[in-house]
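Inspection log for the structure reproduced underneath, given as structure tokens.
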Amino acid sequence: MNYSDLAIHTFTTKPWSIDQCIEEYARRGIGGISIWRETVEGEDLCLVSRKLRDAGLEGVSLVRGGFFTGKTEKERRDALEENRQAIREAELLELPSLVLVCGATVGQSPRENYEQIRDGIGAIADDAANHGVRLLVEPLHPVYAGDRSAISSLKVANDLCEELNHNNIGIALDVYHVWWELDLAEQIQRCADGGWLDTYHICDFKPDQSHLLLDRGIMGEGCADLVGIDDMMTAAGFEGRREVEIFSSKWWERDQGEFLDEILYAYDKIYRSL
Ligand code: ZN
């Protein structure tokens, strides 16, 4: 099977080292990879980048930067520094984009968080462009609005991109976070029209999940209308890769090769018949 239209986030197969990810993804004919900073911690990033090239894997994004909010100016300044570091890492890995989980600070209003995010991204957008790294805002499900991201819908992410009006800022759309939005088709089209529809993460949303973060479903295990969303992406002209991003403590306890094969089986069933 050829999975050149597919990418995998290294956090999906969290127990694997970067070398195992590269080898196992490439062996299955997967075309792309998004790399989590955790997976390459302590690694020689130039060497990793060479290994990606040799394996024929195309890098999509470094995951993740963001967390721009904070009660003090120092916290917010430190966040910018951390993001600049992530941008340099993306450049060394030759990854063209950095996914941003934008942040939210307990005790601040959603509006305060939003404004700090806007100012934070605005402060590093030129720097990122100079390093050839595009910044991608990932709207998160509102259940994370307390301490992870005040960008809680695709509409708000679109509003943010519109307000920032910077050609180095786009959006990473993840079905887990946006499947429930009533105006999703309209917002996906708006995102594409604005030139922000950069990347596309897939998994599934299980209504009975046992953990807020670490019990995401393989495609088909949950209630998101994956085919409907895929149609919206196609209708909006999206031509990039689908990227599988699943956090699952249950699957991480099992053989990761088996997990990846289950993912590909589900992918074939849902996306190949389109
Ligand atoms: Zn995602």
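The values are calculated or read from the model by the stated rules, or taken from the named source; none is laboratory data. All figures in this text were calculated on a predicted structure; none of them were measured in a lab. Here the Cβ is made from the backbone with ideal geometry for all residues, glycine too, and neighbour counts use every protein chain on show.
Could you check how many residues of segment 1-52 are assigned to a loop (DSSP other than H, G, I, E, B) and at pLDDT 95 or above? Summing the residues that are assigned to a loop (DSSP other than H, G, I, E, B) and at pLDDT 95 or above in segment 1-52 gives 10. When Gln209 is tested against the conditions (1) out of contact with any strand residue (DSSP E or B) (no Cβ under 6 Å at 6 or more places or on another chain); (2) not in a helix (DSSP H, G or I), the lone failure is (1).
Condition check ((1) at positive phi; (2) exposed (fewer than 13 other Cβ atoms within 10 Å of the Cβ); (3) within 14 Å of the ligand (Cβ to nearest atom)) across all residues:
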residue	(1), (2), (3)
Ile188	no, no, no
Thr199	no, no, yes
Ala224	no, no, yes
Gly237	yes, yes, no
Glu253	no, yes, no
Phe259	no, no, no
Tyr267	no, no, no
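What do you reckon, is Gly170 of a type in the set (Gly, Ala, Ser) and away from the ligand (no atom under 14 Å from the Cβ)? Criteria not met by Gly170.
Against the criterion of being within 15 Å of the ligand (Cβ to nearest atom), of a type in the set (Val, Ile, Thr) and out of contact with any Asp or Glu (no Cβ under 8 Å at 6 or more places or on another chain), Ile229 qualifies. Find all pairs meeting these conditions: Cβ atoms under 6 angstrom apart; at least six residues apart or on different chains; first residue within segment 239-260 and farther than 20 Å from Leu213 by Cα and modelled with pLDDT of 95 or more; second residue of a type outside the set (Lys, Arg) and more than 16 Å from the ligand (Cβ to nearest atom). Pairs that qualify, where the first residue is farther than 20 Å from Leu213 by Cα and modelled with pLDDT of 95 or more and the partner is of a type outside the set (Lys, Arg) and more than 16 Å from the ligand (Cβ to nearest atom), are Arg241/Asp5. Look at segment 185-208: where a residue is without any contact (Cβ under 8 Å) to a residue 24 or more places away in the chain and over 17 Å from Asn158 (Cβ atoms) and a partner is more than 16 Å from the ligand (Cβ to nearest atom) and part of a loop (DSSP other than H, G, I, E, B), sitting 6+ places away or on another chain with Cβ atoms under 8 Å, you get Lys206/Glu221; Lys206/Cys223; Pro207/Cys223.
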